[in-house]
Amino acid sequence: MGEGLQDLALRRAGEGALQVANEMRAAARTRSWLRRLFALTSIEEKSWRAGAEGERLVGAQLAHLVRLYPGWRVLHGIPVGSAGADIDHLVIGPGGVFSITTRHHPQGRVQVKGDVVLVNGQRVSYVRNSRFEAAYASRLLSAAVGFPVQARALAVTVGADLVVAGQPEGLTFCDRRRVVDLLRKAPTILSPSQIMQLYAVARHPDTWSADVRIPSPRPPVDQARSPLS
């Protein structure tokens, strides 16, 4: 790694979302006299903390995958553009490359029917965001290694009742308790040398330095306000 660049393999699951929540709390304290604004910030902070916890729980499942099944590698918090967004988890293994987004909705209900996703009855933009992140990973990894890489998009729900009437094209929704089985059962498409080559470039920040035009990141619990424990 170049001087001042952090090896992305050192990032922990949920680290980025937790940092945002902590920054919000610090900022709220400095303007606590604005009671109304403080209350709004508090709600958003809770959303980011819930998102961080969801990422941590999915990260624990992925750590289980790495421990038990040879050849799998996992990175967390892959930067996307310059607005502070990231790919929650990037998984590289015999079954290919997977761009994983965590969706934490404690005691909530997530309904999926093609491109339509409802959280507690409210439509959310999860499909568009997951597809974008997978396409972004595919493009930059392909450029870095010199052979075509097609990252598959996964949206992993945490704490929610997930009902899938039909998966969206190019994206798979699953509960966090199923993610390890889904990954390890994927047909083998990458050799051990390709896995190591992809992991080596994916953990380097320069691989992800291309700027893209995307919205500023939303709280991980998105617009649909699910119950927070």
Would a scan of the stretch 106-121 turn up a residue that is surrounded by fewer than 22 Cβ atoms within 10 Å (Cβ to Cβ), within 17 Å of the chain's Cα centre (by Cα) and in a loop (DSSP other than H, G, I, E, B)? no
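This table checks each residue for (1) crowded, with 16+ Cβ neighbours inside 10 Å; (2) in a loop (DSSP other than H, G, I, E, B); (3) modelled with pLDDT of 95 or more; (4) β-branched (Val, Ile, Thr).
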position	(1), (2), (3), (4)
Ala137	yes, no, yes, no
Val149	yes, yes, yes, yes
Ala153	yes, no, yes, no
Val158	yes, no, yes, yes
Asp161	no, no, yes, no
Val164	yes, no, yes, yes
Val179	yes, no, yes, yes
Pro187	no, yes, yes, no
Can you tell me which of Ser130, Ser142 is among the polar types (S, T, N, Q), buried (at least 21 other Cβ atoms within 10 Å of the Cβ) and part of a helix (DSSP H, G or I)? Ser130
Checking Ala144 against (1) over 21 Å from Val58 (Cβ atoms); (2) free of Cβ contacts under 8 Å to residues at least 24 places away in the same chain: exactly one of these is not met. Which one? (2)
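Report the residue count in the stretch 66-101 for those that are touching a strand residue (DSSP E or B) at 6+ places or on another chain (Cβ under 7 Å) and either farther than 17 Å from Met196 by Cβ or surrounded by fewer than 19 Cβ atoms within 10 Å (Cβ to Cβ) (or both). Walk me through how you get there before you give the answer.
Taking the stretch 66-101 first, the residues touching a strand residue (DSSP E or B) at 6+ places or on another chain (Cβ under 7 Å) are 66, 71-80, 86-93, 96-101.
So of that shortlist, the ones also either farther than 17 Å from Met196 by Cβ or surrounded by fewer than 19 Cβ atoms within 10 Å (Cβ to Cβ) (or both) come out as 66, 71, 76-80, 86-89, 99-101.
Within the stretch 66-101, residues that are touching a strand residue (DSSP E or B) at 6+ places or on another chain (Cβ under 7 Å) and either farther than 17 Å from Met196 by Cβ or surrounded by fewer than 19 Cβ atoms within 10 Å (Cβ to Cβ) (or both) number 14.
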Please go through the stretch 105-116 and pick out each residue that is touching a residue at least 12 places away in the same chain (Cβ under 8 Å) and in contact with a Lys or Arg (Cβ under 9 Å, 6 or more places away or on another chain). Val110, Asp115
Which of (1) assigned to a helix (DSSP H, G or I); (2) surrounded by 13 or more Cβ atoms within 10 Å (Cβ to Cβ); (3) at pLDDT 65 or above; (4) over 13 Å from the mean Cα position of the chain (by Cα) does Leu18 not meet, given it meets every other one? (3)
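The values are calculated or read from the model by the stated rules, or taken from the named source; none is laboratory data. Just so you know, these numbers come straight off a predicted model, no measurement behind them. Neighbour counts run over all protein chains shown; Cβ positions are idealised from the backbone, glycine included.
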